[in-house]
Every structure is written in structure tokens, then in C-alpha cells.
Amino acid sequence: MTQKNSRRDFIKKTAILSAGLIATNTFGISNTNAFTPKEKQFKLPRLAYDYNALEPHIDALTMEIHHSKHHQGYVNKLNKALEVLPVDLANKLNLDKCDLNSILSHIKHLPTSIRNNAGGHYNHSLYWELMNPKGGGLPTGDLNKRIIAEFGSFEAFKNEFSTAAKTQFGSGWTWLIETEGKLVITSTANQDNPLMVVPEVEKNGTPILALDVWEHAYYLKNQNNRSDYINAWFNLIDWDVANKKLA
Ligand code: MN
């Protein structure tokens, strides 16, 4: 086959494949592998602060390993898992736009490797964003008013959130979410999150706060003492960022 013919053949095949995508609306019917070019892969987000900037609350080594090893690992494994998805499914998920929300909203149709690693990527991105060396103190703006109105006081909210984080068994996350106009505290196991509609996630909603309670988030500094880590994290919350997550 000449190069020209081969190119024409490729264009023809692509056209047939695209037509098929528009005609069908189901998951996983094609066995053709998705093509995910390097420049369209998910990337580790840069932190807005240095690894040592959150000390003494979270130490530099924990931050470095957490971001450059753990989070990078989720990103790498997510990209790898997406490479072998059928092309029609990849298109449905807006993979060409690296749309993480779209992946999470369809998570029940996707393999566990994508659930774990897309969750890991989303959760950690939010966790970094919601911390600030100049954070802590009391909530701001509408979120402050809502917390006082719905939990009674900031202290009551902090107690309820801390208890949820302390009592999450094993690895997971504790969240403040907004759902049906209400603020709710909830926890998820592993790298699940409140955007995933799966039986294991008890409450769905928009994440406002995200606290990683995996041991890798605190073990180097706090060893088994998760309570100290939770208290330390409250000194880092960027309430202005959290406030912007409200609908
Ligand atoms: Mn983590």
C-alpha cells in the first residue's frame, strides 16, 4: 500500500468510527483502543506553595513524597488506564479535553483502575488547592454564615468534621459537601469521592472541603496520631477557596 492510500484508508476508517459514535449512545461497544496523544494526558498540578511552606503543620518531606510520588503515581496510572479504553467510550468521556468531571460522573461504567486513579487525581488536586500557608482561622463569606446557620457554630462544625475524619476506618477522605442546598459532612473510602455515583459512596454532592486521611498524608510526622494531623490541617484551610466552591 502506498503512503497516500494508507492515509486515505485511515481517514475513511476514522470517519466510519466517528459516524458510529454519533449513532450509538452505549458504553464499551467497540474493541478499538483509544488513542491518547501525550499532550492530552492528565498532568500533575504544580503547587501554589513550596513543599516546606506548610510547616510546622505539615512537614516538607511528607509534602514532597505525597505530591511527587503518591499524586504523580495516580496521574501516571490514570493515563495508562485510559490508554486502553475503547475509543467510543473515550470520546463519550471527553478524554480529548482531559475532562476529569466527566470521567467521575461516569465512574460506575469504568474499570476499578480508573475509579481509583481518577479519584486519586481529583481528590489530591482539591486537597492542595484548599490549603494555604496563610490559611486557617475562621471561615469567610457565605460559607461562614452557612456553617453557623447549619451546624450551630464553627466549633460545632469543627467537632463534627474532626470526628468523621478520626473515625473513617482505614484509608479514605472526609468531606464537606453541598447537596440539595445543604452542607453535609461525609467520608469516603480509598480514593472514592462524593462525585462518584456508586453504592459505596453514601452521599453525593459538590465538594467544599477535602481532607486526606490516608496514613501517607501524616505518618512521617504524626505516626498513628491522626487527631494531631486533623487539628494541624485546620490551620491550613484556605477558606476563600472553599467559599468559592459553594454553588
Ligand atoms: Mn493522599
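The values are calculated or read from the model by the stated rules, or taken from the named source; none is laboratory data. The model shown is predicted, which means the values in this text are computed figures rather than measured ones. Neighbour counts run over all protein chains shown; Cβ positions are idealised from the backbone, glycine included. In case anyone asks, the SASA skips ligands and DNA or RNA and just uses the protein heavy atoms, side chains included. Shrake-Rupley method; radii C 1.70, N 1.55, O 1.52, S 1.80 Å.
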Suppose we filter the range 210-243 for residues that are small (Gly, Ala, Ser) and within 17 Å of the chain's Cα centre (by Cα); how many remain? 3
From LEU211, LEU246, LEU220, grab the single residue that is away from the ligand (no atom under 15 Å from the Cβ) and either at negative phi or modelled with pLDDT under 95 (or both). LEU246
Out of all the residues in the range 66-88, which are open to solvent by less than 60 Å² (accessible area, probe 1.4 Å), under 27 Å from GLN223 (Cα atoms) and touching a helix residue (DSSP H, G or I) at 6+ places or on another chain (Cβ under 9 Å)? HIS66, HIS67, HIS71, GLY73, TYR74, VAL75
Selection within the range 94-109 - crowded, with 16+ Cβ neighbours inside 10 Å, in contact with a Leu (Cβ under 8 Å, 6 or more places away or on another chain) and not in a helix (DSSP H, G or I): HIS106
Does the range 125-148 hold any residues that are in contact with a strand residue (DSSP E or B) (Cβ under 9 Å, 6 or more places away or on another chain), of a type in the set (A, V, I, L, M) and away from the ligand (no atom under 14 Å from the Cβ), and which are they? LEU143, ILE147
Is one or more of the residues making up the range 160-170 outside any helix (DSSP H, G or I) and basic (Lys, Arg)? no
Exactly one of these conditions fails for TYR122: (1) within 15 Å of the ligand (Cβ to nearest atom); (2) assigned to a loop (DSSP other than H, G, I, E, B); (3) of a type outside the set (Asp, Glu); (4) touching a residue at least 60 places away in the same chain (Cβ under 8 Å). Give me its number. (2)
With the condition kept exactly as written, say whether any residue in the range 61-75 is touching a residue at least 40 places away in the same chain (Cβ under 8 Å) and more than 16 Å from the ligand (Cβ to nearest atom). no
